[in-house]
1. Do we find that residue 7 is open to solvent by 40 Å² or more (accessible area, probe 1.4 Å) and β-branched (Val, Ile, Thr) in this structure?
2. Just to be sure, is residue 23 touching a Leu at 6+ places or on another chain (Cβ under 7 Å), β-branched (Val, Ile, Thr) and surrounded by 15 or more Cβ atoms within 10 Å (Cβ to Cβ)?
3. Scan the range 64-84 for residues that are assigned to a helix (DSSP H, G or I) and either open to solvent by less than 70 Å² (accessible area, probe 1.4 Å) or aromatic (Phe, Trp, Tyr) (or both) and jot them down.
4. Please verify whether the range 93-115 includes one or more residues that are open to solvent by 70 Å² or more (accessible area, probe 1.4 Å), modelled with pLDDT under 90 and either touching a strand residue (DSSP E or B) at 6+ places or on another chain (Cβ under 7 Å) or assigned to a helix (DSSP H, G or I) (or both).
5. Any chance you could count how many residues in the range 45-59 are among the hydroxyl-bearing types (Ser, Thr, Tyr) and either more than 15 Å from the chain's Cα centre (by Cα) or open to solvent by 60 Å² or more (accessible area, probe 1.4 Å) (or both)?
6. Could you tell me how many of the residues in the range 26-44 are aromatic (Phe, Trp, Tyr), loosely packed, with under 14 Cβ neighbours inside 10 Å and closer than 22 Å to residue 98 by Cβ?
Amino acid sequence: MWLEITIIPFFLAFIVFLIFWIVHEGSRWQKHRYLGAFARIIQASPRRAFLIFLLLMLSFIPLGLLMMLGRWNDTLGSPNKSELVIIMLFMILVLSVAFPVMWGSFRTWRQTARAEAEMKIRPTGT
């Protein structure tokens, strides 16, 4: 029972991560009936996109540990170690998907900040 309860926040965070990842690029998503709000939030600035992906990626760690705790509570202190290993492997799989997305978003933000700093140094039109 506890495992099922603790899976809910993990999958909600994963679904939100997937939605933000889908609408991350492309202005056509801003006019979508349901996903438009997500697209407008994440496409506002590269910094905001990076912070959203970073927070979602970091939230997967405690939520994965919460799932392991739920599995441990279901078996009353003597968990089947293979089930805990499967949960850990699943958590590592999700993090291995989230990290490149977050890192790419960080690189985009860094390049944007670098270009803005260059524009302040060398004004256009001279």
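The values are calculated or read from the model by the stated rules, or taken from the named source; none is laboratory data. No experiment lies behind these values; they were computed from the predicted model shown. Glycine gets a Cβ as well: all are built from the backbone with ideal geometry, and neighbour counts include every protein chain shown. Accessible surface is based on the protein model in full, side chains and every heavy atom, while ligands, DNA and RNA are left aside. Shrake-Rupley method; radii C 1.70, N 1.55, O 1.52, S 1.80 Å.
1. Yes.
2. For residue 23, the condition - touching a Leu at 6+ places or on another chain (Cβ under 7 Å), β-branched (Val, Ile, Thr) and surrounded by 15 or more Cβ atoms within 10 Å (Cβ to Cβ) - is met.
3. Within the range 64-84, 64, 66, 67, 68, 70, 71, 72, 73, 74, 82, 83, 84 qualify.
4. no
5. 1
6. The number of residues fulfilling the criteria is 0.
Residue by residue, here is whether (1) farther than 30 Å from residue 3 by Cα; (2) touching a residue at least 40 places away in the same chain (Cβ under 8 Å) holds:
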position	(1), (2)
39	yes, no
43	yes, no
67	no, yes
76	no, no
94	no, yes
102	no, yes
107	yes, no
112	yes, yes
116	yes, no
